[in-house]
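K.L.:
I'd like to ask you about the structure that follows.
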Amino acid sequence: MFDTVNNFSAEAGPIAYPFRMVSDEVQQNMLGWNIPPEYQDLVHEHWRHFAAIDKFWHYCLALIYTMLMISSVCGNGIVIWIFSTSKSLRSASNMFIVNLAMFDLLMMFEMPHLIVNSFYQKMLGYQLGCDIYAALGSVSGIGAAITNAVIAYDRYKTISCPIDGRINKVQASILIAFTWFWSLPFTILPLAKIWGKFVPEGFLTTCSFDFFSDDQDTKVFVACIFVWSYCIPMTLICTFYSKLFSAVRLHEKMLQEQAKKMNVKSLASNKEDAGKSVEIRIAKVAFTIFFLFVCAWTPYAVVTMIGAFGDRSLLTPHVTMIPAVFAKSVSCIDPWVYAINHPRYRAELQKRLPWMGVREADPDSQSTNASTTTQSQSADA
């Protein structure tokens, strides 16, 4: 009898062993295989159904983010340096450009962590590392979004009411403080686990707020942050630029009517100025701002809404990493859109960084020369 039992055990052993090995082999090839058991709760069940990401994609992501980090640090750093140290650029409106550059630069503080994570193929620091990474992304992302809305408001006030509508430095400081406070609620709440939480996403090397949990509390959180960080800034941007277009069109119409009364084709000083409509120039800048905002945050908004309320099978690890790349890319483009079109900024670049090859005449010297020419002509007359 004992021999039978022993034979049975001896026979069962080799059969059971391969099944255990197969189970271990499947686990090794699935997302989260290299996360220690005590931190396995960080990996949502949704990601466990996907195979582990190949090293090639981790290294590609690290390369992309390295280039974005260098570009953003250089671009936004130069903007902050020049706008903060140049007397001719210390205006209330330019304070908002510096604030946007600070938010964009803050977003880049995530990058060294992500690059190292990509080589280890996991989130270093686990929950603490995840919280720090996601908190930086939350503050910078939400802050940059509402700063875009504040810039739209400032441009509307400045152009529609150029005499008494300009924002002074005290008001600008209050609005800047407002943008930072605006970014705090949906950063502190999940960070403190009061409402929502930060979890790894996609490749498990980056973190964002949880939008996969099925409980009602998470769904309400996702809906609220969607309205707070996307819908409200988007609505404000559209509203202020729509009013700006209306004001510019009204001004253009008044100039045309005045020109007809004076029997001239245009009130512009020369044909070149007449060919450049103010409305077209404002429309180009506004459309660029709006387009960048949409490109940066619409992918995130779509992914989060699908994760909370839609078909989650659409959200593969590669798909969910696209929004992060878009957002980081836009933070590199912002310095060029908001600053490189500024004549005084280009003039300062030419003075301080001549190796960049910027060719821009000093606006102050141009206006001085124009004034001198006008005075001499008057004297001759």
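K.L.:
State yes or no: is F96 crowded, with 22+ Cβ neighbours inside 10 Å, touching a Gly at 6+ places or on another chain (Cβ under 8 Å), in contact (Cβ under 8 Å) with a residue 40 or more places away in the chain and assigned to a helix (DSSP H, G or I)?
P.N.:
no
K.L.:
K351 - would you say it is of a type in the set (K, R) and surrounded by 16 or more Cβ atoms within 10 Å (Cβ to Cβ)?
P.N.:
Against the criterion (of a type in the set (K, R) and surrounded by 16 or more Cβ atoms within 10 Å (Cβ to Cβ)), K351 does not qualify.
K.L.:
Modelled with pLDDT of 85 or more and buried (at least 17 other Cβ atoms within 10 Å of the Cβ), is that true of A301?
P.N.:
On the way: modelled with pLDDT of 85 or more: yes; buried (at least 17 other Cβ atoms within 10 Å of the Cβ): yes.
So A301 passes the test.
K.L.:
Ok, one more. Can you tell me how many residues within the stretch 116-142 are surrounded by 17 or more Cβ atoms within 10 Å (Cβ to Cβ) and part of a helix (DSSP H, G or I)?
P.N.:
Number satisfying all stated conditions: 16.
K.L.:
Which members of the stretch 287-332 meet the condition of being of a type in the set (A, V, I, L, M) and more than 24 Å from L68 (Cα to Cα)?
P.N.:
Within the stretch 287-332, M305, I306, A308, L314, L315 meet the criteria.
K.L.:
Let me ask another. Given the condition exposed (fewer than 13 other Cβ atoms within 10 Å of the Cβ), of a type in the set (A, V, I, L, M, F, W, C) and within 17 Å of E201 (Cα to Cα), answer yes or no: does some residue in the stretch 41-55 qualify?
P.N.:
yes
K.L.:
Could you say which residue among R166, R155 is assigned to a helix (DSSP H, G or I), of a type in the set (K, R) and in contact (Cβ under 8 Å) with a residue 24 or more places away in the chain? Walk me through it before giving the result.
P.N.:
Values: R166 fails: assigned to a helix (DSSP H, G or I).
None of the other options fit; the residue is R155.
K.L.:
Which residue, of A177, A192, is at negative phi, modelled with pLDDT of 95 or more and loosely packed, with under 14 Cβ neighbours inside 10 Å?
P.N.:
None of the other options fit; the residue is A177.
K.L.:
Could you identify the single residue in I194, I237, I188 that is touching a residue at least 60 places away in the same chain (Cβ under 8 Å), over 30 Å from W33 (Cβ atoms) and β-branched (V, I, T)?
P.N.:
Values: I194 fails: touching a residue at least 60 places away in the same chain (Cβ under 8 Å); I188 fails: touching a residue at least 60 places away in the same chain (Cβ under 8 Å).
After applying the criteria, what remains is I237.
K.L.:
Here's another thing I want to ask about it. Looking at M305, M356, which is the one that is under 30 Å from H49 (Cα atoms) and aliphatic (A, V, I, L, M)?
P.N.:
Matching residue, one of M305, M356: M305.
The values are calculated or read from the model by the stated rules, or taken from the named source; none is laboratory data. Values in this document were obtained by computation on a predicted structure and should not be read as measured data. Cβ sites come from the backbone with ideal geometry, for glycine too, and all protein chains shown count toward neighbours.
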